[in-house]
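Okay, structure first, notes after.
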Amino acid sequence: MPSPIAATLLADGLIAILRGRNAAHLDGVIDTLVESGVRTLEVTLNTPDALGALHRASARLGGAAVLGAGTVRSTSQARDALEAGARFLVSPHTDAEIGQVAMEARAGWLPGAFTATEVSTAWAAGATAVKLFPARLGGPRYLRDLREPLDDIPMVPTGGVSAESVADWFAAGAAAVGAGGPLVGDALDTGDLDGLRTRARVMVAAVRKAKP
């Protein structure tokens, strides 16, 4: 059953994934992405100060962005993320208990899955959409094959998605795409916000052109 924020979460077709080794540039990267038109952002919980960044960004940006937490692997992490301001939770796997925490908070939930059985299980457990991960292993053709029997399940390929490949992903039936390294690049490590701004604008333009 889709959460109340399902339409908002998938509307722009792009979820930026922020995963870094330090927190020095995290706030600046979030602000730059939002200023560049990326309105849905996932901060992974294995990034230093992820919860602090979510809390600060929620207060700073308000309704200008939809903020979520990624790499959520336990119910305690889920609750901490929601308390920090996350409006959706993303996991590399499917854990129905995490989904229950999200649904009780009326938050979005994107559990990770890869096979048809895993995708169906995630959807039956209440996913807002299913994160196809790692998407690079199968590519757009694999997503197309999955979508043939599972065409009622919104899927978000994540892992290796670039501005050059988004058209193929949407043509294969993606509801949205999750973009990490090809979008964020080294900005979290170096603080290169000019390069980030350029990549973000290119990615946003590519998604807007490709999304049905």
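In the list V43, V38, V72, which residue meets the criterion of being crowded, with 19+ Cβ neighbours inside 10 Å, more than 17 Å from L188 (Cβ to Cβ) and under 13 Å from the mean Cα position of the chain (by Cα)?
The match here is V72.
Applying the set (1) modelled with pLDDT of 95 or more; (2) within 19 Å of G195 (Cβ to Cβ) to N22 leaves exactly one unmet item: (1).
Go over the candidates A163, A200 one by one and state the one that is of a type in the set (A, V, I, L, M, F, W, C), outside any helix (DSSP H, G or I) and crowded, with 17+ Cβ neighbours inside 10 Å.
A163
Comparison of A102, A59, A81 shows that the only residue that is outside any loop (DSSP other than H, G, I, E, B), of a type in the set (A, V, I, L, M) and surrounded by fewer than 16 Cβ atoms within 10 Å (Cβ to Cβ) is A59. Kindly list the number of the only condition in (1) charged (D, E, K, R); (2) more than 23 Å from H93 (Cβ to Cβ); (3) touching a residue at least 24 places away in the same chain (Cβ under 8 Å) that fails for R147. Of the numbered conditions (1) charged (D, E, K, R); (2) more than 23 Å from H93 (Cβ to Cβ); (3) touching a residue at least 24 places away in the same chain (Cβ under 8 Å), the odd one out for R147 is (2).
Within the set T190, T158, the sole residue that is polar (S, T, N, Q), closer than 19 Å to T71 by Cα and touching a residue at least 60 places away in the same chain (Cβ under 8 Å) turns out to be T158.
When the stretch 6-31 is filtered for residues that are surrounded by 18 or more Cβ atoms within 10 Å (Cβ to Cβ) and either of a type in the set (A, V, I, L, M, F, W, C) or in a helix (DSSP H, G or I) (or both), the ones remaining, listed by number, are A6, L9, L10, L14, I15, A16, I17, L18, L26, V29, I30. Among the residues making up the stretch 32-56, a single one is in contact with a Lys or Arg (Cβ under 7 Å, 6 or more places away or on another chain) and part of a helix (DSSP H, G or I): T32. Residue check: L183 meets all listed conditions (1) under 18 Å from T47 (Cα atoms); (2) of a type in the set (A, V, I, L, M); (3) in a loop (DSSP other than H, G, I, E, B) but one, namely (3).
The values are calculated or read from the model by the stated rules, or taken from the named source; none is laboratory data. The structure presented is a predicted model; accordingly, all values stated were derived computationally and were not measured. Neighbour counts are summed over all protein chains in view; Cβ atoms, including those assigned to glycine, are modelled from backbone coordinates with ideal geometry.
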